1. So, in the stretch 51-83, how many residues would count as being surrounded by fewer than 19 Cβ atoms within 10 Å (Cβ to Cβ) and touching a strand residue (DSSP E or B) at 6+ places or on another chain (Cβ under 7 Å)?
2. Can you report the number of residues in the stretch 55-96 which are in a loop (DSSP other than H, G, I, E, B), modelled with pLDDT under 75 and within 15 Å of VAL4 (Cα to Cα)?
3. Under the condition of being of a type in the set (Lys, Arg) and outside any helix (DSSP H, G or I), which residue from the stretch 1-43 is surrounded by the fewest Cβ atoms within 10 Å (Cβ to Cβ)?
4. Return a yes/no flag: does the stretch 14-32 have any residue that is out of contact with any Gly (no Cβ under 9 Å at 6 or more places or on another chain), in contact (Cβ under 8 Å) with a residue 12 or more places away in the chain and among the small types (Gly, Ala, Ser).
5. Which pairs do you get when a residue that is closer than 13 Å to ASP19 by Cβ, found in the stretch 73-86, comes within reach of a residue that is at pLDDT 85 or above, reach meaning Cβ atoms under 6 angstrom, with the pair 6+ apart or on two chains?
Amino acid sequence: MYHVCNRGVEKRRLFDGDDDYAVAEQLLLHAKRRHSVKLHAYCFMPNHWHLVVEQTEAGAVSAFVGSFTRAHAWYLRQRRESIGLGYPRLFVTPSLIIGSSVTKYLRWIAEMP
């Protein structure tokens, strides 16, 4: 299981309102259907997000997160009518979660606002 996060370029906002959060959730679930992963938890914050994800085949986490990040960056460019990047990179290197840390991460994500 992995903890993956990413934040906006220069810590800029990724989400400005309920519509942005709803679109991101739909993009995340669409990416999940396309890749062999189990999404255990996620949290969208104004300028970043966190995922706890498990892959069911090799390379699936990278493919899933890359797919979501590219789709969300495209949405941001369309909404903001810009050509700039929404993210400085596809994602921050995933952290492997093992043993009792799994419960800690799931609780931490669930307690975020």
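1. Within the stretch 51-83, residues that are surrounded by fewer than 19 Cβ atoms within 10 Å (Cβ to Cβ) and touching a strand residue (DSSP E or B) at 6+ places or on another chain (Cβ under 7 Å) number 4.
2. Of the residues in that region, 8 qualify.
3. LYS38
4. The answer is yes, given that some residue of the stretch 14-32 is out of contact with any Gly (no Cβ under 9 Å at 6 or more places or on another chain), in contact (Cβ under 8 Å) with a residue 12 or more places away in the chain and among the small types (Gly, Ala, Ser).
5. TYR75/VAL23
The values are calculated or read from the model by the stated rules, or taken from the named source; none is laboratory data. Source: prediction; values computed, not measured. Positions of Cβ are backbone-derived with ideal geometry, glycine not excepted, and every protein chain shown enters the neighbour counts.
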